[in-house]
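**Student:** Pasting in a structure now, in structure tokens, and then I'll have a few things to ask.
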Amino acid sequence: MIRLSPIPTPFHVAVALAALTASGLTDEPAPIKIAGMDAETAKAWWSFQPITVPVVPEVVSETGEMQNDIDRFILERLNREGVKATLATDRRTLIRRASYDLTGLPPTADEVDAFLADASPGAFPKVIERLLASPHYGEHWGRHWLDVVRYADTAGENTDRPLPHIWRYRNWVFEALNRDLPFDEFARLQIAGDILRSEASGDAYAEGIVATGYLALARRFGHDSDKDIHLMHEDVIDNLGKAFLGLALGCARCHDHKYDPVTATDYYALYGIFASSRFSFAGCEAKGAPRDLAPLLAPDEADALTRPWRERREEFEARLNEIADRSRQLEGRLKSEMPAAMTLLAADNVAEGGSVTFSALESRSLDRVEVRKGEILQLAVSPRGSHGADSTRVEWEIAELGGEGRRWNVADLISDLPAGNPHQGKGGAQWCFLDLKDGAAFLPEKLDAIDGKDALKGWRNGDTPSVFANTSDEPVAVWTTLPPHSFFVHPGPEDPVVVAWISPCDADLTLAGKVSDAHPGDGDGVAFRLEHIASVKAGPALLAIGELSLEQQTLLRARDANIAPTSPVAFAVVEDEGKDVRLQLRGDPEQPGENVPRRWLSAFGGHPVNGGSGRRDLAEWIVRNPLSTRVIVNRIWLGHFGQGLVRTPNDFGARGETPVYPELLEWLGARFEKDGRSLKSLHRLIMNSAAYQRASTPNDTDPENRLLSHFARRRLAAEEIRDTLLVVGGHLDSTPAEAHPFPPESTWTFTQHAPFNAVYDNNKLSAYQMVQRQRRHPFLALFDGADPNASTPERQTTTAPTQALFFLNDPFFHTQATLLEASLMDLSDDSARLRRLFRTTLQREPSTTENDWAATFLASYPGTPEEKWSACVRMILASNEFLYLD
């Protein structure tokens with residue numbers, strides 16, 4: 001019978017005294033309490049103590065059960081409890097175990113063969129070094145860390161908006177672990193990287209920003225995330241406590257922690273630290289687009305990047321100002337000429353759906369209008385009471401009396417209307433299309449198609465005013481039906497659109513035309529005026545303004561094409577104004593209480609922040625706290641053995657379990673710190689132990705394997721199953737991924753009733769799959785992937801009918817099976833095919849019994865050879881040996 005009573009420590013004594021005092025069985029006074037734990041118990045609590053170096057037990061073993069000091073601690077306990085350790089596993093199982101444990105991928109058959117053939121004492125350490133050097137190490141163990149910090153690619157508020165830049169944090173985690181960044185620096189950068197690297201440049205500066213994605217990926221809540229910011233801060237504080245300290249700090253939001261020495265004022269002291277930091281905003285239904293994304297260039301680098309653009313921009317602006325000054329001078333000259341020279345020839349209102357032919361005003365004539373070269377005839381069309389459906393067809397002809405008998409018609413402009421504004425007409429005449437709202441402004445924007453209709457071309461200023469034409473010989477249906485080969489204008493909301501003709505000669509002219517409402521529906525039609533500007537200076541002045549307008553448009557296009565270079569950005573956290581916050585009574589921000597200075601937890605000294613937000617201080621307090629060492633060492637142990645030395649990896653407080661091997665945890669913590677907090681060194685130490693290399697044969701005297709008498713068999717994790725299927729199908733793209741193909745931010749219209757939802761199918765490693773908070777990836781959900789809404793310190797393993805159905809019906813599974821089957825059919829005989837199948841999937845040779853089974857199965861299964869082998873492949877891929885790790 002296993003006895004799990006821990007060795008008495010001051011912590012246990014304190015707990016016993018507290019229990020006796022509370023029951024009235026002693027005369028001791030009630031101890032002073034810090035939240036849910038009395039001060040003496042908190043002071044002596046096992047996980048709060050400094051890391052010590054315990055004496056390694058002296059244990060003798062003659063059966064190969066001991067390879068390093070880890071085994072001495074375990075064997076001493078096993079001997080004391082009367083439990084026998086299992087022997088070492090076979091080498092094929094060991095390399096398969098190591099490969100999955102370090103990279104999440106199976107070894108190749110050739111790698112297994114090489115290991116089996118290497119009889120040297122250093123054979124397995126060489127395997128470990130090769131796996132630690134693989135880029136897949138960082139991806140696999142980075143995924144473990146992402147589980148703990150509840151990584152997701154969406155925000156979690158009621159529309160679950162995408163986080164297009166958070167992938168940089170994910171990839172940073174993978175890269176940091178691959179280069180074995182010391183864990184204390186790994187932690188510091190995630191909490192305060194922007195501050196720690198504020199004086200750096202280049203990649204070092206960017207790393208400091210990207211690493212704070214840990215804080216920024218906190219879940220957002222509600223319809224307006226800004227209004228529910230207190231919930232985001234709770235998520236930050238709660239995860240910070242669990243991930244780094246193994247303490248449930250979030251429990252103190254509404255009241256003092258009921259079990260651990262964490263007070264509500266402790267909680268709001270930390271809250272103030274994060275309230276003094278600026279978090280990237282993901283957007284929400286109430287406020288739309290993201291904001292406060294953090295540039296990845298240092299300020300001086302950003303300045304150097306944009307300086308050439310700014311200097312060029314200033315040059316453009318100076319030239320445009322010169323053009324504007326000259327245009328104003330010319331417009332002033334033109335205006336000075338117009339009052340005396342302006343003659344109104346015709347004017348009328350056009351009723352809704354109606355047409356009006358030019359008709360001279362009293363004392364005016366359209367049959368003979370004397371003009372000189374440079375004078376202007378202009379038609380101005382204006383809105384009446386309502387602006388909107390004011391598309392207006394214009395028919396206008398100017399004919400010379402005598403002389404050469406020349407004619408000018410707006411219909412002549414239709415075929416090449418976008419050629420220019422001013423537009424060169426026949427016989428030296430110039431046509432101008434103007435907006436008179438602010439002087440004589442030429443319509444600047446050329447339209448080679450309107451509403452997707454290539455037959456519609458024209459000019460405009462904004463939406464209106466505009467001049468356009470149907471160049472087709474067929475009617476075109478848009479907002480209304482436009483007749484073929486016709487010329488139109490549309491006035492602005494308050495100002496006329498003008499078609500002006502500049503005379504190329506001295507002549508007597510006759511004028512004829514018609515103005516028609518081409519889009520009935522606004523109820524009041526339009527108005528027009530036909531005017532003669534009898535000044536020979538007017539035309540040249542207008543053309544000069546037109547030339548300046550062309551030059552201005554050229555400059556504007558060049559200026560706008562000179563796009564400002566932008567710094568890449570990250571979804572991150574940066575410093576803001578330092579400020580304390582008030583305690584929220586019962587966790588309600590609408591009930592403010594006392595002001596709480598920013599500081600560290602009172603149980604650990606309550607030290608005040610030293611300026612700024614306090615995140616730099618917080619990072620240092622955390623990495624110097626012995627909890628951070630114990631917690632990460634326990635997580636690494638859990639990743640190899642399936643259970644931690646402390647079986648509650650996120651809770652090292654009063655509600656958590658005490659370590660099964662307390663001295664071993666201390667020794668590992670001390671060794672971890674001595675080795676510079678290198679995670680890879682810790683992997684080496686653990687994997688080179690006999691405890692890690694044991695067989696998975698169950699032990700009747702240790703059925704739950706709490707004492708680690710044998711290795712715990714486990715099912716592959718969801719990501720491992722998917723990636724292994726891709727490997728055996730020859731379809732895995734093992735190159736790193738970056739951003740997901742989210743829709744552009746400008747198109748987001750997500751609501752609580754139509755939130756973002758997507759699954760992006762690809763052949764990348766599962767560590768790079770898009771993780772959505774509200775609707776989990778179907779495969780990862782089916783096989784117990786991490787919940788991105790909460791810290792997942794260890795994966796659960798369920799058995800459900802839908803998992804079996806996956807192997808029967810899922811298209812992804814069948815695709816990989818078909819790819820593997822096709823590779824088998826390249827071989828000529830069934831024996832070679834079965835050998836390749838087993839070596840590819842199980843990394844071993846088939847046994848004689850399995851050869852006989854396959855021959856019988858293939859002979860009896862109906863169908864073509866391809867169908868027979870496809871069924872055989874599916875059976876192996878659904879087998880326990882394929883899906884479980886011994």
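**Student:** Non-local amide H neighbours of Lys457 (under 5 Å, H modeled in plane, Pro and chain starts lacking H): which ones?
**Tutor:** Ala469, Thr471
**Student:** If you don't mind, there's one more thing I want to ask. Using a 7 Å offset from the Cα along the Cα-to-Cβ direction at both Ala871 and Cys254, what is the distance between the two label points in nm, to one decimal?
**Tutor:** A separation of 5.9 nm, rounded to one decimal place.
**Student:** Using alpha-carbon positions, what is the distance between the centroids of region 497-548 and region 731-789, in Å?
**Tutor:** 59 Å
**Student:** Count the net charge of all other residues whose Cβ sits under 13 Å from the Cβ of Ala455, scoring Lys and Arg as +1 and Asp and Glu as -1. If you can, show how the numbers build up before the last one.
**Tutor:** Details: positive: Lys453, Lys457; negative: Asp448, Asp451, Asp454, Asp473, Glu474.
Once all neighbours under 13 Å are counted, the net charge is -3.
**Student:** Give me the accessible area of Leu344, 1.4 Å probe, in Å² rounded to the nearest 10.
**Tutor:** 50 Å²
**Student:** Still on this structure: Treat each spin label as a single point 7 Å out from the Cα along the C-beta direction, and report the Leu116 to Ala670 distance in nm.
**Tutor:** Each label point is offset 7 Å from its Cα along the Cβ direction, giving 4.3 nm.
**Student:** On to the next question. On the full set of protein chains, 1.4 Å probe, figure out the accessible area of Asp69 and give it in Å² to the nearest 10.
**Tutor:** 50 Å²
**Student:** Leu509's amide H: which non-local residues (gap 5+, or another chain) put their own amide H closer than 5 Å, with H modeled 1.01 Å from N in plane and none for Pro or chain starts?
**Tutor:** Answer set, sorted by chain and number: Val369, Glu370, Val371, Leu401.
**Student:** Taking only C-alpha pairs under 8 Å that are 6+ residues apart, what is the relative contact order of region 430-515 in percent?
**Tutor:** Details: 153 pairs, mean separation 25.2, N = 86.
Once normalised by length, the contact order is 29 percent.
**Student:** Can you compute 3J(HN,Hα) from phi for each residue in region 723-740, using the Karplus curve 6.51 cos²θ - 1.76 cosθ + 1.60 with θ = phi - 60°, rounded to whole Hz and x for Gly and Pro?
**Tutor:** With the stated coefficients, region 723-740 comes to 5, 5, 4, 5, 4, 5, x, x, 10, 7, 9, 8, 6, x, 9, 10, 6, 7 Hz.
**Student:** Let me ask another. Which lysines have a Cα lying under 28 Å from the Cα of Lys764, excluding residues fewer than 8 positions away in the same chain?
**Tutor:** Lys126, Lys680
**Student:** Hey, another quick one. Return a whole-number percent for the relative contact order of the chain, with Cα pairs under 8 Å and 6 or more residues apart as the contact set.
**Tutor:** 19 percent.
**Student:** While we're on this one: Ignoring ligands, DNA and RNA, what percent of the accessible area of the chain is carbon or sulfur (1.4 Å)?
**Tutor:** Details: 19400 of 37620 Å².
With neighbouring chains kept in place, the figure for the chain is 52 percent.
**Student:** Right, another one. Can you give the Rg to Rh ratio for region 464-535, taking only C-alpha atoms and Rh from Kirkwood?
**Tutor:** On the Cα set of region 464-535, Rg over Rh gives 1.01.
**Student:** Right, another one. Could you tell me which of the pairs Lys43/Lys242; Lys335/Lys446; Lys426/Lys457 are separated by over 22 angstrom between their Cα atoms in the structure shown?
**Tutor:** The pairs that break the limit, which is 22 Å between Cα atoms, are Lys335/Lys446.
**Student:** Let me ask another. For the pair Thr701 and Asp203, what calculated FRET efficiency results from E = 1/(1 + (r/R0)^6), where r is the Cβ-Cβ distance and R0 = 41 Å, to the nearest 0.05?
**Tutor:** In this case the efficiency is close to 0.15.
**Student:** Still on this structure, I have one more. In nm, what is the difference between 0.36 nm times the number of residues separating Ile563 and Thr510 and their Cα-Cα distance?
**Tutor:** 14.0 nm
**Student:** Just to verify a number: what accessible area does Arg616 come out at with the full protein assembly present, 1.4 Å probe, Å² rounded to tens?
**Tutor:** We get 120 Å² for Arg616.
**Student:** Which of Ser535, Leu585, Leu555 sits farthest toward the positive end of the charge dipole of region 513-606, with +1 on the Cβ of Lys and Arg and -1 on the Cβ of Asp and Glu?
**Tutor:** Farthest towards the positive pole: Leu555.
**Student:** I need the shape label for region 416-566. Rule: rounded when a/c is under 1.5, else prolate if a/b > b/c, else oblate, with a, b, c from the alpha carbon gyration tensor.
**Tutor:** Oblate, because a/c is 1.5 or more while a/b does not exceed b/c.
**Student:** Using alpha carbon centroids, what distance separates region 192-212 and region 832-865, in Å?
**Tutor:** Cα centres, region 192-212 to region 832-865: 55 Å.
**Student:** How do His777, His640 rank by accessible surface area computed with a 1.4 Å probe, from largest to smallest?
**Tutor:** Values: His777 35, His640 5 Å².
Ranked from most to least accessible, the order is His777, His640.
**Student:** Let's test this: bin the Cα-Cα distances of region 349-465 at 10 Å from zero up to the farthest pair and state each bin's percent.
**Tutor:** Reading upward from the zero bin: 10, 37, 39, 14, 1.
**Student:** Could you report the chain's accessible area per residue, 1.4 Å probe, as an integer in Å²?
**Tutor:** Numbers: 37620 Å² over 886 residues.
On a per-residue basis, the chain sits at 42 Å².
**Student:** Mind jotting down the distance between the C-alpha centroids of region 419-440 and region 76-148, whole Å?
**Tutor:** First find each Cα centre; the distance between them is then 81 Å.
**Student:** Okay, next question. Any idea how far apart Ala712 and Leu858 come out in nm if each label point goes 7 Å out from Cα toward Cβ?
**Tutor:** Spacing of the two 7 Å Cα→Cβ label points: 4.1 nm.
**Student:** I'd like the per residue volume of the convex hull spanned by the Cα atoms of region 240-377, given in cubic angstrom. Intermediate results must be reported in sequence, preceding the final value.
**Tutor:** Details: hull volume 45.8 nm³, N = 138.
Roughly 332 Å³ of hull volume per residue.
**Student:** Right, another one. Taking amide H positions as placed in the peptide plane 1.01 Å from N, state which residues far from Val350 in sequence (5 or more) or on other chains have amide H under 5 Å from it.
**Tutor:** It is Val526, Ala527, Phe528, by chain and number.
**Student:** At q = 0.14, 0.15 Å⁻¹, what base-10 log of I(q)/I(0) does the Debye formula yield for region 527-574 when every alpha carbon is treated as an equal point scatterer in vacuo?
**Tutor:** Debye curve over Cα of region 527-574, log10 I(q)/I(0) at q = 0.14, 0.15 Å⁻¹: -0.64, -0.68.
**Student:** OK, next. Which value in Å is the Kirkwood Rh of region 300-379 over different Cα pairs?
**Tutor:** For region 300-379, inverting the mean 1/r across all distinct Cα pairs yields 17.9 Å.
**Student:** Could you sort Asp153, Asp810, Asp235 by their accessible area in this structure, using a 1.4 Å probe and putting the largest first?
**Tutor:** Reading off the accessible areas and sorting them downward yields Asp810, Asp235, Asp153.
**Student:** Another question about this same structure. Report the gain in length on full extension from Leu808 to Lys84: 0.36 nm times residue separation, minus Cα-Cα distance, nm rounded to one decimal.
**Tutor:** Extra length from Leu808 to Lys84 when fully extended: 256.5 nm.
The values are calculated or read from the model by the stated rules, or taken from the named source; none is laboratory data. Keep in mind the model is a prediction, meaning the values are calculated, not measured. Neighbour counts run over all protein chains shown; Cβ positions are idealised from the backbone, glycine included. With ligands, DNA and RNA removed, areas are computed over all heavy atoms of the protein, side chains included. Shrake-Rupley method; radii C 1.70, N 1.55, O 1.52, S 1.80 Å.
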